Amino acid sequence: SNQLQALNLPTAKEVDCSYNQLQALNLPAAEEVHCYSNPLIIIDTMIKKNATIVCDLNQINRKEYNTIKNDYKIEIGILDKKNSFYKFPSNDEAFDFQDGKMDLYEIMKYPNLEIRRAMLEQQGFGEILQKCTLEHFSDVGKLWSTNYFSSFSGEEPLMKLYQCWCTTTNREYLIRVRPDITTVEEAKISTWPELWNEYKKTGIMPEFIYET
């Protein structure tokens, strides 16, 4: 959290300067540098060739990446509002997201729940939900439906989304659920496949599902 004007660490092998306001990096021996939330300023000759640079998507674009990708190993991720950092599976996917080539269907295919949440957070939950219809809500969340995004992906026309919040971190989530779900409680229980199958057999909703 220091406002550093320059960093000169000639023998450091790994440096995490993620939250400092750096104006220059002089790290000739570093093999890995984490500098997300900093602009990539003056990295030529300041960081040794072939070093790994871990950075936030907002620091770099595809053109800039193409000019340095042969000299450094670049790993790109995304920061959420709480400054948690999640790496993209590939840099091409990171730039596709940056260029607006990923719609909601594509984002929902990501197996990692947290990177999905960070991507949706950056797009704006409110903007996404403006294109959705609220079907049901209760104390445990909201159930939305949309077919707005299907024209972009060519996927099935209807998508249903369960909106909920983590009671510990207060992070907001949108979770894709089955299209035949009609209530928030069904949406919540469907996130546990075994409980969902038992509910479909018995029609009995466990009491804890109603808890926030």
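Annotations for the structure displayed:
- Test: I204 is more than 15 Å from the chain's Cα centre (by Cα) and either exposed (fewer than 15 other Cβ atoms within 10 Å of the Cβ) or under 30 Å from K63 (Cα atoms) (or both): yes
- Evaluation of L195 against (1) touching a residue at least 40 places away in the same chain (Cβ under 8 Å); (2) not in a loop (DSSP other than H, G, I, E, B) (one fails), failing number: (1)
- Positions within region 62-78 being closer than 18 Å to C35 by Cβ, of a type outside the set (K, R) and open to solvent by 30 Å² or more (accessible area, probe 1.4 Å), in sequence order: E64, Y65, T67, D71, E75
- Test: residue in region 117-140 that is without any contact (Cβ under 8 Å) to a residue 24 or more places away in the chain, closer than 24 Å to I189 by Cα and within 20 Å of the chain's Cα centre (by Cα): no
- Taking the criterion of being open to solvent by less than 80 Å² (accessible area, probe 1.4 Å) and either in contact (Cβ under 8 Å) with a residue 24 or more places away in the chain or in contact with an Asp or Glu (Cβ under 7 Å, 6 or more places away or on another chain) (or both), the residues of region 159-172 that qualify are M159, K160, L161, Y162, Q163, C164, T169, R171, E172.
- Yes/no for K87 being within 17 Å of L174 (Cα to Cα), open to solvent by 50 Å² or more (accessible area, probe 1.4 Å) and of a type in the set (D, E, K, R): no
- Filtered residues of region 173-200 (kept if in contact with a helix residue (DSSP H, G or I) (Cβ under 6 Å, 6 or more places away or on another chain), modelled with pLDDT of 95 or more and open to solvent by 40 Å² or more (accessible area, probe 1.4 Å)): L195
The values are calculated or read from the model by the stated rules, or taken from the named source; none is laboratory data. Note that this is a predicted model, so its numbers are computed, not measured. Because the Cβ atoms are built from the backbone with ideal geometry, glycine has one as well, and the counts that use them run over all protein chains shown. Heads up: the accessible areas ignore ligands, DNA and RNA and are worked out on the full protein's heavy atoms, side chains in. Shrake-Rupley method; radii C 1.70, N 1.55, O 1.52, S 1.80 Å.
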